[in-house]
Amino acid sequence: MSSSQPFHLSSPITGPSRKKSRFTYRHLQLLSQSSTSCPLRVIALIDYDAFYAQCEMVRLGVAETQPLAVQQWQGLIAINYPARAFGLSRHVTVTDAKTKCPELVVQHVATWREGDDRWAYRDDAARHIQTDKVSLDPYRLESRKTLALLKEILPAPPVQKVERASIDEVFLDLSAQIHGVLLQRYPELRYAPYDDPTERLPLPPSTALDWHADALVDLDSAETEDDDPDWDDVVMNIGAEIVRGVRQSLYEKLKYTCSAGIARNKMMAKLGAGYRKPNQQTIVRNRAVQHFLSGFKFTKIRNLGGKLGDHVVETFGTEEITDLLATPVEQLKAKLGDDTGTWLYGIIRGEDNSEVSSRTQIKSMLSAKSFRPSINTTEQANKWLRIFVADIYSRLVEEGVTENKRRPKTITLHHRQGAQTRSKQLPIPQGRKIDETILFELAKTLLGQIIVDGRAWPCANLSLSVGGFEDGVSGNKGIDMFLLKGDEARAAMEPPPRSNTATPNPEDTRPEKRRKLVEATSIARFFSRGDSGEEPEEEPIDDFADEPSAQDEVDTHEDQTHKSPDLQQQDIAAYFCQSCQKSIAETDRAEHEDWHFARELQAQESPAVKSPANSRPPGQISTKPKRGGIGTRGRGSKPEKGQSRLAFG
Ligand code: TTP
Ligand code: CA
Ligand code: CA
């Protein structure tokens, strides 16, 4: 059997005269499964250049060389590269920008305005900060268009693994696709001698790899360009080739340019993408990781841009990765907690085995407005609630809520006065269609509850969010589904094929059957959460709208007096499960389809990923610090709003 030892890149298997690769047939097998413990894995991050500015250029059909900036109220939030050549940046005022670059096209973002039922581009928006609210819909839609194209270009899932990381960023796990290319180009890799997966691979041909015009970051001090390549270099080279093709198609079909980073994990890919811009790709080979990292402050790393990073700086009195490298893991653990300490120890060594998760789905939607000056009446607040509802509802429609593909369970109103934030939450009644009227009624009820508590006015910020999304269809089809059209969508909606084991009767509520159903459901849930078991992420969009500073985090200091109890079902709607040929209560639909999904997954699962327990490499703990790792809610886990905002650049 194969070795269950985790592979350490830092301890290459070298001999006096190395005739074999450091990698084994088992590593190739892990590559084909996009395993996060595979030392040959290749991850890419695609980040669109001056994204909002490009969206406007495409929409307005301006020439590529035309300097253009996107304005939000009195500030600039995106500046295209021709405009950057004039020294323009986000910190320049609109007036200064026009002085520095007289031919600059300045486009204000679209806004919602009280009384209108749609956002629109308006010439007078900048003067209406008090009556308008920014709409990011145009950019969201473009973001989705590019994502849909990406998914079309890449091989179908499960080989394809794509994760939308923010409005203009997408992670690709290219491992399985590269595995296919490798076997095609190097047939000698197909069969392990003596069927022994621990056998080391033959070395790749020693001819120099052609990196075209790609940026390569410098190698670690112990490495030289004269060293013969090993398979980790070859896979990066193939990854670069794939990404080059993807970028070309994005440009040819949609006219968007992007920069990309290609590396062994998400963290290094993200750092690589920022290395050379615009319209370039950077490869961080394994042999260059440590040298590349030493050039960064750790606060530039994903998840370390926010409070966690600040805390680490305070604790260790440095921002330099190099300084932290000297700190023993025990000390990191003692100061930061076991999980966060271990995670940080790995991260500064360029280790990150977080998964590229295609199952990321929108988990909440938020619409917010900061008031300057503050507002003082229910009437004023209601006007904003109406806009929030219209904003959220249009996004819900896009997410397939009207077709009952997914629906949120709760609605929350956050209210800020000075530094104090309060929020109230209500369940969204099940069993009836979600529309603007019901959302508006709920929002007004929530506001009423805040008013009853007192100290409602003056109010500096209101935000409305819906969350707790549940699938109306099985598995991870949410995001992908609405990108599909017509027949495609119908085909994808088809229930999973019957498996050849006996079909259970999910209506059967005998304890044994019930228990199995629950188990299967939790397996499906597990898979839908990636390997951490945490709640899936929020909508992966950095929502800067009307939130000019990171201090407006909405979900700190929550005062959720109304936890959402499940509402009693009045009318029990039913749907027909094609696989079971049975009618199932609508309320049980998600669970039922989860069950099919879990079965399907189990049937498809490759031997190495038999159960959730070994979807992580043996002997390794999660690289993600758990929530509360350093004693504060949410720190150190998924980037919080503020963190992602800071890490955004
Ligand atoms: P970024 O990817 O950070 O920047 P960018 O795409 O404009 O430029 P680059 O070529 O350097 O990647 O952000 C993506 C979009 O998010 C950006 O076009 C506008 C928006 N954004 C804001 O609204 N406010 C901000 O503070 C930042 C950083 C971005
Ligand atoms: Ca960008
Ligand atoms: Ca970005």
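The values are calculated or read from the model by the stated rules, or taken from the named source; none is laboratory data. None of the values given here were measured: they were computed from a predicted structure. Neighbour counts run over all protein chains shown; Cβ positions are idealised from the backbone, glycine included.
Is region 279-286 home to any residue that is farther than 12 Å from Ile347 by Cα and over 23 Å from the mean Cα position of the chain (by Cα)? Looking for residues that are farther than 12 Å from Ile347 by Cα and over 23 Å from the mean Cα position of the chain (by Cα), one finds at least one in region 279-286, hence yes.
Scanning region 63-102 for residues that are small (Gly, Ala, Ser) and farther than 15 Å from Phe51 by Cα returns Ala63, Gly75, Ala85, Gly87, Ala97.
Among the residues of region 27-57, the ones that are within 13 Å of ligand 3 (Cβ to nearest atom) and β-branched (Val, Ile, Thr) come to 1 in all. For region 113-151, give me the residue count where each residue is part of a helix (DSSP H, G or I) and away from ligand 3 (no atom under 16 Å from the Cβ). Number satisfying all stated conditions: 11. For region 21-35, check the following and say yes or no: at least one residue is under 21 Å from the mean Cα position of the chain (by Cα) and under 27 Å from Tyr275 (Cβ atoms). Yes, region 21-35 has at least one match.
Within region 75-85, the set of residues being small (Gly, Ala, Ser), over 30 Å from Ser354 (Cβ atoms) and either in contact with a strand residue (DSSP E or B) (Cβ under 8 Å, 6 or more places away or on another chain) or within 10 Å of ligand 1 (Cβ to nearest atom) (or both) comprises Gly75, Ala83. When Leu45, Leu88, Leu40 are checked against the criterion of being under 30 Å from Trp231 (Cβ atoms), within 16 Å of ligand 1 (Cβ to nearest atom) and at pLDDT 95 or above, Leu45 stands alone in meeting it.
Across region 117-139, the qualifying residues are those that are at pLDDT 95 or above and within 30 Å of Gly245 (Cβ to Cβ), and the one among them that is surrounded by the fewest Cβ atoms within 10 Å (Cβ to Cβ) is Pro138.
When restricted to residues that are over 30 Å from the mean Cα position of the chain (by Cα), under 21 Å from His27 (Cβ atoms) and among the acidic types (Asp, Glu), region 221-235 contains 4. Residues that are assigned to a loop (DSSP other than H, G, I, E, B) and at pLDDT 95 or above: does region 265-273 have at least one? Yes. For first residues located in region 163-174 and within 8 Å of ligand 3 (Cβ to nearest atom), partners that are among the β-branched types (Val, Ile, Thr) and not in a strand (DSSP E or B) and lie 6+ apart or on another chain with Cβ distances below 7 Å form the pairs Ser166/Ile541; Ile167/Ile541. Each residue in region 214-238 was checked for being free of Cβ contacts under 8 Å to residues at least 60 places away in the same chain and outside any helix (DSSP H, G or I), and 6 of them qualify.
Scanning region 240-264 for residues that are within 16 Å of ligand 3 (Cβ to nearest atom) and part of a strand (DSSP E or B) yields Cys258, Ser259, Ala260, Gly261.
Take the conditions out of contact with any Leu (no Cβ under 7 Å at 6 or more places or on another chain), under 30 Å from Pro458 (Cα atoms), in a helix (DSSP H, G or I) and not β-branched (Val, Ile, Thr) and apply them to Gln380. Does it pass? For Gln380, the condition - out of contact with any Leu (no Cβ under 7 Å at 6 or more places or on another chain), under 30 Å from Pro458 (Cα atoms), in a helix (DSSP H, G or I) and not β-branched (Val, Ile, Thr) - is met. Put simply, of Leu183, Leu147, Leu209, Leu136 the only residue that is within 16 Å of ligand 2 (Cβ to nearest atom), more than 21 Å from Lys253 (Cα to Cα) and among the aliphatic types (A, V, I, L, M) is Leu136.
Entry remark, region 58-74: residues being surrounded by 16 or more Cβ atoms within 10 Å (Cβ to Cβ), more than 8 Å from ligand 1 (Cβ to nearest atom) and in contact (Cβ under 8 Å) with a residue 40 or more places away in the chain number 3 in total. Considering each residue of region 7-26 in turn, none proves to be of a type in the set (A, V, I, L, M) and either modelled with pLDDT of 95 or more or within 16 Å of ligand 3 (Cβ to nearest atom) (or both). The sole residue among Lys151, Lys145, Lys133 that is basic (Lys, Arg), more than 30 Å from Phe388 (Cα to Cα) and in contact (Cβ under 8 Å) with a residue 60 or more places away in the chain is Lys151.
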